[in-house]
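Before I ask anything, let me first share the structure, which is written out below as structure tokens.
The values are calculated or read from the model by the stated rules, or taken from the named source; none is laboratory data. Just so we're clear, the structure is a prediction, and the values are computed from it rather than from any experiment. Note that we place each Cβ from the backbone using ideal geometry, even for glycine, and neighbour counts take in every protein chain shown. Side chains are part of the model used for accessible areas, which takes the heavy atoms of the whole protein and leaves out ligands, DNA and RNA. Shrake-Rupley method; radii C 1.70, N 1.55, O 1.52, S 1.80 Å.
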Amino acid sequence: MKLSEQLRPRRMFWRIYLYGLLMLGGSVIALAIVAEAIEAQGGGRIKELDHKLEQVVKLAPTDAPELQPLMQSIVAEHGHHITLFDVQGRLRRSTANPPPRMLDETEWQTLRLGYSWITREGTLFWVTLTWRGSTLDGYMLREASATRRSYMFLGLVVTVVLLVLALLSIPLARAIASPLERLTKVVGEFGQGRLSARANLKGRNEVAMLGHAFDEMAARKEALIRGQKELMANVSHELRTPLARLGVTLDLVEDGQPEELATRLPELRRDIGELQQLVDGVMQMARLDLETNQAGQPGPRVQRVSVSLPDFLRDTAERFQRTAPECPLALELPEALPTLEVDPVLVRRALHNLLDNARKYSEPGSAVTLRASEDGDAVRLEVEDRGIGVSATDLPQLTTPFFRTDRSRARETGGVGLGLTLVRRIVEAHGGTLSFQHAAEKGTRATLVFPKSPGLQSAA
């Protein structure tokens, strides 16, 4: 993956990021509404209160008769109790019952530091000095009960806003947590042995992509384990017949029947050969499974070397003719073929299996053709026979382990059922493909396609 793709924010990032912006915007709007509400709640009343308080401060040194009614109107209209003291701390007037005490030295020190309020037992008092001309005459204490109510109102509104934002966060939390919980549950079930467990997450965000990757991995693992179980079951089944025949032969030896034993020796040799083919085929497929990392751990590498195709194919054809001289083999090669990086032992075995398979399903004396051609960035190798052919329904299953067509059930022609499976594994280990088609005339054509340069599966 490119660095730009790794750094590019994806769907889940933008989903969380935009939701955070939404919550932030909601908070700003809510605070603006709170400020507007407080302003609407006070508005002109605050200006009126400030005007009356200024009048009280001006009238406090004169002890005018209209001072007390003015203070009572402040209490009635705004809920602020007013208390006046002279400079010596003696009480002049108060609307509170009982009136607050005068300022002590600590509170005076607070005022000297530049503060204009004091706190007593949780109650906030605003302090305003009164003057007679340029001489300090006393001070006014105003209990800020209405201000405290404003703070309480503000706190209540903020609490409601936070509660609403918390409720709005539930869909986001659920959208993130729900697929993760589902994926966690499915992974646990898969780990406990339920191989059919799948997340089946919908969407294209990162969590859904993780779920899709898990489902694909689980499907591959399930197929691998099922294939291993089927392989073991088929191997066990295939071992029964030759082992039973070997047992019968041993019984004949024990019973002392040399004539009967002599007639069974060819069968015994064939059974031993089948056992050798079966064990060899299973071991070779296990090696190739490890090579392509299908077994989940490293295995031996395909030993690639540079191979001159014309010489290699001629040598393969000669070897086959020595083992099957009764089967005519036609070798069709173009004038020029590229050099391939392959494991010659494995590829020769694949071609031999195909040639031998074509021989088995052809009439005696029927020719088999081995041809090669260059196809773009690949090389095509074809083995074609003019034998009994394969039905359209059986053609896709030819490389299934231990599969035999209806016309090859006999053990004389059917073999152990691993030859074509092994061919497919060899070709795939080289990064190539294997396919089967009906030949132009009667018969079957097997096509192997090898890339000119080593495929990604060349290293374990």
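Which order do Val383, Val28 take when ranked by solvent-accessible area (1.4 Å probe, heavy atoms of all protein chains), largest first? Walk me through the numbers before you get to the answer.
Details: Val383 5, Val28 90 Å².
Ranking Val383, Val28 by accessible area, largest first, yields Val28, Val383.
With every protein chain kept in the model, how would you rank Arg424, Arg92 by accessible area, 1.4 Å probe, largest at the top?
Numbers: Arg424 60, Arg92 85 Å².
Heavy-atom accessible area, descending, gives Arg92, Arg424.
Then there's this: Sort Ile29, Ile74, Ile225 by accessible area with a 1.4 Å probe, largest first. Walk me through the numbers before you get to the answer.
Details: Ile29 105, Ile74 0, Ile225 55 Å².
The ordering from most to least exposed comes out as Ile29, Ile225, Ile74.
Roll a 1.4 Å probe over the protein heavy atoms and report the accessible area of Trp131 in Å², nearest 10.
Accessible surface of Trp131 is approximately 130 Å².
If you don't mind, another one. Please give the FRET efficiency for Leu180 paired with Glu66, using the beta carbon to beta carbon distance and R0 = 56 Å, rounded to the nearest 0.05. Walk me through the numbers before you get to the answer.
Details: r = 73 Å, r/R0 = 1.30.
Using R0 = 56 Å, I get an efficiency of 0.15.
Next up: Figure the gain on full extension for Leu168 and Leu111 (residue separation times 0.36 nm, minus the Cα-Cα span) and round it to one decimal in nm.
Working: separation 57, 0.36 × 57 = 20.52 nm, distance 4.61 nm.
Length gained between Leu168 and Leu111: 15.9 nm.
Using only the alpha carbons of the range 167-231, what is the convex hull's orientation-averaged projected area in square nanometres? Walk me through the intermediate numbers first.
On the way: hull surface 18.4 nm².
The Cα convex hull of the range 167-231, projected and averaged over all directions, gives 4.6 nm².
Starting from 0.36 nm per residue, how many nanometres of slack lie between Met217 and Glu318 once their C-alpha separation is accounted for?
Values: separation 101, 0.36 × 101 = 36.36 nm, distance 4.43 nm.
Result: 31.9 nm gained on full extension.
Using the beta-carbon distance between Met232 and Asp311 and R0 = 41 Å, what value does 1/(1 + (r/R0)^6) give for FRET efficiency, to the nearest 0.05? Please report the intermediate quantities before stating the final value.
Details: r = 40 Å, r/R0 = 0.99.
Efficiency at R0 = 41 Å is approximately 0.50.
May I ask you to compute the full-extension gain from Met209 to Asp377, defined as 0.36 nm times their residue separation minus their alpha-carbon distance, rounded to one decimal in nm? Write down the numbers at each step before the final one.
Numbers: separation 168, 0.36 × 168 = 60.48 nm, distance 3.32 nm.
Here the segment from Met209 to Asp377 would lengthen by 57.2 nm.
Bin all alpha-carbon pair distances of the range 158-204 at 10 Å intervals from 0 and give each bin's fraction as a whole percent.
Per 10 Å bin, starting at 0, the Cα pair percentages come out as 25, 32, 22, 15, 6, 0.
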